[in-house]
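The structure is given below, and queries will be raised subsequently.
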Amino acid sequence: MNIFLFDGSLDGFLSCVYEFYYSDIKPFDIIPEDKYSLNLCDSYFFIDTDDDKCKKVRNAIMEKIGCRLLEDIYYCNLSDINCHMDLCRYVDFAFKKGVNYHLYKQDLVIIKIDKIIKKVLHEFQRFAGFARFTKLYSGVLYSKIEPDHNILPILYNHFSDRFCEEKWIIHDLKRETAIMYYGNNSEYVALPRDYSLKILENSDDDFIEMLWKKYFKSVTIENRINKKLQLRLLPKRYWRNLPEILKK
C-alpha cells in the first residue's frame, strides 16, 4: 500500500492534495510522519511541504469553492484523529460538487469530516470557557491544558482578543507545546510537560485560588448536584486542571 507521509502542518497536507491530483502514485492513506508506525507491507513516500504547490491548491479552492472549504481543512487538520485520507477525499468531493458541496449531508465522507470538525470546535468551546489561569510572580498568566485535539491555535485567537492587555501562556501538556503572548507579540514554543511544575512554583496565586474554591463551594447547592450532566458537559479527563473540583 502506498502511504503519503508529511510533516503534519496545514501546508504539508495541501502539498499532499497537490500530489494526490498530479502524481502517478495514488495513496492508500495520508499520515503525519510522527504518527506513522513502520509497516513492511507499505511503500511510503514523504511529501515535502512546497510553497508553490500549496499556493496553487489554495488558489484553486478559493476560485472554485470558497473560503469555507479552507476553514474545514484547517479545523480538521487540528484533529488528533487519523483522517487525512478522508479529508483529501472531502476536498476532491468539493471540487466535483462545487460551492454547495456541504449540502450533501448523506455522503459518507461529508458525514465523517463534519463529525471531526464538530469534535474539534466543541472541545475549543469547552476550553474557551473552562481554561484556568494562574498568576505568576512575574505577572504572567499561565494555563495548562490537555485537550484531545490540537486546539491551541484557535484558543490563541480567542484569548488574544479577550486578554489583549495581559501577558499569558497556554501550555498544551499533551503535545508539549505552548503559545506565549506578550501584547502585540506571540510565539509558539516547545515546552516539556514537566516544566509545568517548575512554572507553577513561581505562582503567587494561592490566595486567589483559595477564594475561587470557596466561592465555588458557596454557590453549590448539594441536593441539586447532577453528576451525569456535569460529566456530559465536561468529561472527567478535563478535571485534573480545574482547581475548584480537585482541591475543594
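Would you check which residues across region 114-130 are within 24 Å of ASN185 (Cβ to Cβ) and either surrounded by 19 or more Cβ atoms within 10 Å (Cβ to Cβ) or touching a Gly at 6+ places or on another chain (Cβ under 7 Å) (or both) and list them?
Answer for region 114-130, where residues must be within 24 Å of ASN185 (Cβ to Cβ) and either surrounded by 19 or more Cβ atoms within 10 Å (Cβ to Cβ) or touching a Gly at 6+ places or on another chain (Cβ under 7 Å) (or both): PHE124, PHE127.
Something else about it: Can you tell which of LYS167, LYS144 is more than 18 Å from the chain's Cα centre (by Cα) and either surrounded by 15 or more Cβ atoms within 10 Å (Cβ to Cβ) or in the same structural domain as GLU71 (by TED's automatic domain parsing) (or both)?
Being more than 18 Å from the chain's Cα centre (by Cα) and either surrounded by 15 or more Cβ atoms within 10 Å (Cβ to Cβ) or in the same structural domain as GLU71 (by TED's automatic domain parsing) (or both) holds for just one of LYS167, LYS144, which is LYS167.
Just the residues that are touching an Asp or Glu at 6+ places or on another chain (Cβ under 7 Å) and either aliphatic (A, V, I, L, M) or at pLDDT below 90 (or both), please, taken from region 146-180.
Hits for region 146-180 are ILE151, LEU152, LEU173, ALA178, MET180.
Tally time: how many residues in region 71-88 are part of a helix (DSSP H, G or I), of a type outside the set (Asp, Glu) and either in contact with a His (Cβ under 9 Å, 6 or more places away or on another chain) or crowded, with 17+ Cβ neighbours inside 10 Å (or both)?
The total comes to 8.
Also: Could you check region 86-111 and list, in sequence order, the residues that are closer than 24 Å to PHE124 by Cβ and over 17 Å from the mean Cα position of the chain (by Cα)?
ASP86, CYS88, TYR90, VAL91, ALA94, TYR101, HIS102, LYS105, VAL109, ILE110, ILE111 - these are the residues of region 86-111 that are closer than 24 Å to PHE124 by Cβ and over 17 Å from the mean Cα position of the chain (by Cα).
Kindly provide the set of residues from region 106-154 that are part of a helix (DSSP H, G or I) and aromatic (Phe, Trp, Tyr), ordered by number.
The answer is PHE124, PHE127, PHE130.
Assess whether VAL91 counts as being surrounded by 12 or more Cβ atoms within 10 Å (Cβ to Cβ), touching a residue at least 60 places away in the same chain (Cβ under 8 Å) and among the aliphatic types (A, V, I, L, M).
yes
Which of the residues that make up region 49-70 are within 19 Å of GLU19 (Cα to Cα), outside any helix (DSSP H, G or I) and not charged (D, E, K, R)?
THR49
The values are calculated or read from the model by the stated rules, or taken from the named source; none is laboratory data. Quick caveat: nothing in here was measured; it's all calculated off a predicted structure. Virtual Cβ from ideal backbone geometry, glycine too; neighbours counted across all protein chains shown.
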